[in-house]
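The values are calculated or read from the model by the stated rules, or taken from the named source; none is laboratory data. Every value quoted in this text rests on a predicted model; they were computed, and no experiment measured them. FYI the Cβ positions are ideal-geometry reconstructions off the backbone, even for glycines, and counts take in every protein chain you see.
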Amino acid sequence: MSNTRILEEGKGKLWRTFKKNKTALVGTAIIIIVIAVAILAPWISPHDPLEQNMVHRLKPPDRTYPLGTDEYGRDVLSRVLWGTRVSLSVGILSILFGLVVGTAMGAVAGYKGAIVGSIIMRMVDVLLSFPVLISGILVVAILGPGMDKLILTMGIVFAPRFARLAYGPTLVVKEREYVDSARIIGVSNLRILTHYLFPNIFGGILVAGTLWVGTAILTEASLSFLGLGVSPPTPTWGNMIKSGIDRLTTAPWLSIFPGLSILTTVLAINMIGDGLRDITDPKLRI
Amino acid sequence: MSEELIFHGEHLLDVQRLKKFFPIKKGVFRRTVGWVQAVDGVSLHVDKGETLGLVGESGCGKSTTGKCILRLLEPTEGDILLEGKNISAINPSEMKQFRRKVQAVFQDPYSSLNPRMSVGNIVGEPFKVHDIHPSSDIRERVADLFKKVGLRPEYMSRYPHEFSGGQRQRIGIARSIALRPDLIIFDEPVSALDVSIQAQVINLLDDLKQEFKLSYLFIAHDLSVVEHVSDRIAVMYLGKIVEVAKDTELYSNPLHPYTRALLSAIPIPEPKQKKKRIILQGEVPSPINPPSGCRFHPRCSEAMKICKHEEPIMSAIDHHHQVSCFLYR
């Protein structure tokens, strides 16, 4: 029957709308390039990122060192390219982890309400009262250093922020009549959370999440700086900015280029986030 | 009347002395300082194949009654029986059966459909949840339902915002009949619609009732709409039912002073005919602190001394007519 065909046509719709959304396309293109750089770093770097060359220390950009050298004579370009690996994976994975755990916490707290909700949200409030860095140090102290632990740590640090963000909209959405209608049909609580609440609170969380990727990349730097994350010789965008900051006036290339890398990445992820929010909203779909 | 429509013994739905109080909490420790007595001892029943209209002003507790019957709210007191079975003490698997038997359509067609689901999926959701048909079959079934409520099946892949209020209400109705329920509770199903659309939707409800042998509990504040659809009508005031009668009987012979005031407010399409309007004085009292005795006495034109001190009980005038008023003891 013709109905079947019409329903199936709807499936291609999402991809078609995505293609039409220029913002999301550009963002995706940039992120694909950044990921490619992370994977191809060993082959495209002109120098070894760890090789020290005291003769050429603190050189401004020139032909051999396109982005200059740092205080140990290491090539900044190579270090930026290699730094993509740590920064990108820590930034994206930790936020993803925090988003999933935090949103689940906030949505359950908001939907269940009463005592369960109060307990979850009071815990969230306690965690939120610590600055990102302090709670990061606390969790790393418990879990120990290492990149996988670092991702886990920052996920835990960001989870309460997502929980707070998910909680408010959940309170609004759960009072809508379509949630009551779902309960009357006999939809389970889990399905209400995944099919009714989450799609309707998703937009704001997604946008905030993409912005926090930048914060996560910088937090990684701070934690690493304190010896709690990735150990020093390994280049990350965060620790490059940190070590370059003292020479901002004399050798600005040390922190400008990793800074630009963070900026580009965060911007691209944010563009994808914005695009995704528009694409998943049926009202904005063409 | 066909054989299966004749009811044997029990009512389809029987609500007995239903009470729903909401706590008012104040202060840091969320101390309960009072109760909103939204529903205070409501008893009603719906027979198979019957439409019971439930009317009353905003805030009189008619929607709360509906929500208690739907188990969206936990009653404070009282029993709700479906086919003789008490639904307040049922286990999860019985709950699932209950969901198949009792469905609802809500007032606001703009918030009763999930904006992130295509309308085809919304109407097909009951099938999925109750695992009734294989997923390949669901589309066909949804298409059938769409036709039943007068929507084109081609619209299945669209989203709720692409429809008008009347169309959305039809989608809600299609969802409510998907499981072939026995009872559908309509909570002001047409009050958000244009008058011309109201008539269409009401006619649709009539047709569906005939076709699927449904019973309706029809909650509304518009008496002319209720008159059209109902077999019996219950009038509610401030959490209590004050009068129940067959529809013709209620309109031709209203007994309770409140019912009379309500009926006098229905406009009649006859400009020359002068009609005596009974205008009620004052506001509806607060259900937090309802008046003593008969709850209507502060606004009643025929209030007597006894009305202030004693609460009237429901008494039968005849087989089809009951009223709770001291005038008819």
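Please work out which residue is nearest to B:His320 (Cα to Cα), limiting yourself to region B:46-85 and to residues that are assigned to a loop (DSSP other than H, G, I, E, B), within 14 Å of another protein chain (Cβ to nearest Cβ) and of a type outside the set (A, V, I, L, M, F, W, C).
B:Arg71
So, in region A:154-195, of the ones that are within 11 Å of another protein chain (Cβ to nearest Cβ) and in a loop (DSSP other than H, G, I, E, B), which residue ends up farthest from B:Gly124 (Cα to Cα)?
Among residues in region A:154-195 that are within 11 Å of another protein chain (Cβ to nearest Cβ) and in a loop (DSSP other than H, G, I, E, B), the one farthest from B:Gly124 (Cα to Cα) is A:Glu175.
Could you say whether any residue in region B:54-64 is under 25 Å from B:Gln167 (Cβ atoms) and either at pLDDT 85 or above or among the β-branched types (Val, Ile, Thr) (or both)?
Yes: region B:54-64 contains one or more residues that are under 25 Å from B:Gln167 (Cβ atoms) and either at pLDDT 85 or above or among the β-branched types (Val, Ile, Thr) (or both).
Kindly establish whether B:Ser88 is more than 10 Å from chain A (Cβ to nearest Cβ) and over 18 Å from the mean Cα position of the chain (by Cα).
yes
Can you name the number of the only condition in (1) within 7 Å of another protein chain (Cβ to nearest Cβ); (2) buried (at least 19 other Cβ atoms within 10 Å of the Cβ); (3) over 20 Å from the mean Cα position of the chain (by Cα) that B:Val123 fails?
Just one mismatch for B:Val123, condition (1).
Right, A:Ser255: free of Cβ contacts under 8 Å to residues at least 24 places away in the same chain, crowded, with 18+ Cβ neighbours inside 10 Å and under 22 Å from A:Ala216 (Cα atoms) or not?
So A:Ser255 passes the test.
Which residues, taken from region B:131-140, are surrounded by fewer than 17 Cβ atoms within 10 Å (Cβ to Cβ) and in a helix (DSSP H, G or I)?
Passing the criteria: B:Ser135, B:Ser136, B:Asp137, B:Glu140.
If we scan region B:260-273, do we find a residue that is closer than 24 Å to B:Gly34 by Cα and either touching a His at 6+ places or on another chain (Cβ under 6 Å) or of a type outside the set (D, E, K, R) (or both)?
No, region B:260-273 contains no residue that is closer than 24 Å to B:Gly34 by Cα and either touching a His at 6+ places or on another chain (Cβ under 6 Å) or of a type outside the set (D, E, K, R) (or both).
Is it the case, given these coordinates, that B:Arg158 is within 12 Å of chain A (Cβ to nearest Cβ), more than 28 Å from B:Ile69 (Cβ to Cβ) and either of a type in the set (Lys, Arg) or in contact (Cβ under 8 Å) with a residue 40 or more places away in the chain (or both)?
Taking the combined requirement at face value, the residue satisfies it.
Could you list all residues from region B:239-255 that are assigned to a loop (DSSP other than H, G, I, E, B) and surrounded by fewer than 23 Cβ atoms within 10 Å (Cβ to Cβ)?
Listed by number, the residues that qualify are B:Asn253, B:Pro254, B:Leu255.
Run down A:Ile245, A:Ile262, A:Ile217, A:Ile241 and say which single residue is outside any loop (DSSP other than H, G, I, E, B) and either of a type in the set (Asp, Glu) or modelled with pLDDT of 85 or more (or both).
A:Ile262
For B:Ser164, only one of the following conditions fails: (1) at the interface with chain A (Cβ under 9 Å from one of its Cβ atoms); (2) within 24 Å of B:Ile185 (Cβ to Cβ); (3) of a type in the set (Gly, Ala, Ser). What is its number?
(1)
Using the structure shown, decide if A:Asp278 is free of Cβ contacts under 8 Å to residues at least 12 places away in the same chain and of a type in the set (Asp, Glu).
Against the criterion (free of Cβ contacts under 8 Å to residues at least 12 places away in the same chain and of a type in the set (Asp, Glu)), A:Asp278 does not qualify.
Quick check, is A:Ser87 surrounded by 21 or more Cβ atoms within 10 Å (Cβ to Cβ) and either within 13 Å of the chain's Cα centre (by Cα) or farther than 9 Å from A:Pro235 by Cβ (or both)?
Considered against the rule, which asks whether it is surrounded by 21 or more Cβ atoms within 10 Å (Cβ to Cβ) and either within 13 Å of the chain's Cα centre (by Cα) or farther than 9 Å from A:Pro235 by Cβ (or both), A:Ser87 comes out as yes.
Residue pairs, Cβ under 9 Å, 6 or more apart or interchain, first in region B:96-119 and over 28 Å from B:Val46 (Cα atoms) and at the interface with another protein chain (Cβ under 8 Å from one of its Cβ atoms), second surrounded by 20 or more Cβ atoms within 10 Å (Cβ to Cβ) and among the small types (Gly, Ala, Ser). List them.
Within 9 Å, the pairs are B:Asn114/A:Ser181; B:Asn114/A:Ala182.
Across region B:76-126, what is the total count of residues that are farther than 30 Å from B:Gln167 by Cβ and touching an Asp or Glu at 6+ places or on another chain (Cβ under 7 Å)?
Looking only at that region, the number is 5.
Name the residue, out of B:Ser135, B:Ser215, that is among the small types (Gly, Ala, Ser) and without any contact (Cβ under 8 Å) to a residue 40 or more places away in the chain.
From the options B:Ser135, B:Ser215, the qualifying one is B:Ser135.
Does region B:195-212 include one or more residues that are touching a strand residue (DSSP E or B) at 6+ places or on another chain (Cβ under 9 Å), away from chain A (no Cβ under 14 Å), touching a residue at least 40 places away in the same chain (Cβ under 8 Å) and not hydrophobic (A, V, I, L, M, F, W, C)?
Yes: region B:195-212 contains one or more residues that are touching a strand residue (DSSP E or B) at 6+ places or on another chain (Cβ under 9 Å), away from chain A (no Cβ under 14 Å), touching a residue at least 40 places away in the same chain (Cβ under 8 Å) and not hydrophobic (A, V, I, L, M, F, W, C).
I need the full set of residues from region A:161-190 which are of a type in the set (S, T, N, Q) and surrounded by 23 or more Cβ atoms within 10 Å (Cβ to Cβ), in order please.
Correct list: A:Thr170, A:Ser181.
What is the one condition in (1) touching a residue at least 12 places away in the same chain (Cβ under 8 Å); (2) touching a strand residue (DSSP E or B) at 6+ places or on another chain (Cβ under 6 Å) that A:Ile192 does not satisfy?
Single failed check for A:Ile192: (2).
Considering region A:20-47 alone, what residues qualify as being closer than 16 Å to A:Thr84 by Cα, of a type in the set (A, V, I, L, M) and touching a Phe, Trp or Tyr at 6+ places or on another chain (Cβ under 8 Å)?
A:Ala41
If we scan region B:289-309, do we find a residue that is at pLDDT 85 or above, among the polar types (S, T, N, Q) and more than 24 Å from B:Val36 (Cβ to Cβ)?
No, the conditions are met nowhere in region B:289-309.
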